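**Student:** Take this structure first; my questions come after.
None of the figures in this text is laboratory data; all of them are computed from the coordinates on show. This one's a predicted model, so the numbers in the text were calculated from it and none came from an experiment. All Cβ positions, even for glycine, are placed from backbone atoms using ideal geometry, and neighbour counts span all protein chains on display.
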Amino acid sequence: MDKAGQDRQPAHGSEILCPACGQDSLVKRTPLYEGFKRVGEQLACAGCGLVFPGEAAVPYKTRKTLPGFGLEDVPPPPKVFGKQELAETVGRLCRHCDHYVVNPFLQRCALTHREVEATDTCPRFAPKPPPKAGA
Ligand SMILES: [Zn+2]
């Protein structure tokens, strides 16, 4: 009767990898009472008896679903640029523009004679001719 108390398994399972004994173990839940009132559970390693301070501290073994990551578990990356949008923006950067002139001290646009940043974009963008092969 040493396995008593395992009848109520939580949804995420009770398997833990105990940091104290280093074993694949189970979390043992012992109801805690204050007087006659149940105030919670004590969570402990069933192997070595290490008591975890709270549910969040229990080293539950992560459930294996698919090899690698289940895509649904990974939050989508923050949407900064759509791929298309990014390609269009990068394609129109001043640094790729035929009018872009780099001097040692500043970068400017040969069309507007204004100082520009390499990462600027402008509606008068003209693609730089591809570099000659074998140059
Ligand atoms: Zn343990």
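**Student:** Let me have the relative contact order for region 15-57, percent, based on Cα pairs under 8 Å that are six or more residues apart.
**Tutor:** Numbers: 69 pairs, mean separation 13.1, N = 43.
About 30 percent, as a whole number.
**Student:** So if we plug the beta-carbon distance of residue 60 and residue 34 into 1/(1 + (r/R0)^6) with R0 = 30 Å, what FRET efficiency do we get, rounded to 0.05? Numbers along the way, then the final one.
**Tutor:** On the way: r = 26 Å, r/R0 = 0.88.
The computed FRET efficiency comes out at 0.70.
**Student:** How long is the gain from residue 106 to residue 118 if the chain were fully straight, where each residue apart is worth 0.36 nm and the alpha carbon distance is subtracted?
**Tutor:** Details: separation 12, 0.36 × 12 = 4.32 nm, distance 1.02 nm.
Computed gain between residue 106 and residue 118 is 3.3 nm.
**Student:** Test of understanding: express the Cα radius of gyration of region 15-57 as a ratio to 2.2 N^0.38 Å, with N the residue count.
**Tutor:** Against the empirical 2.2 N^0.38 Å value, I get 1.22 for region 15-57.
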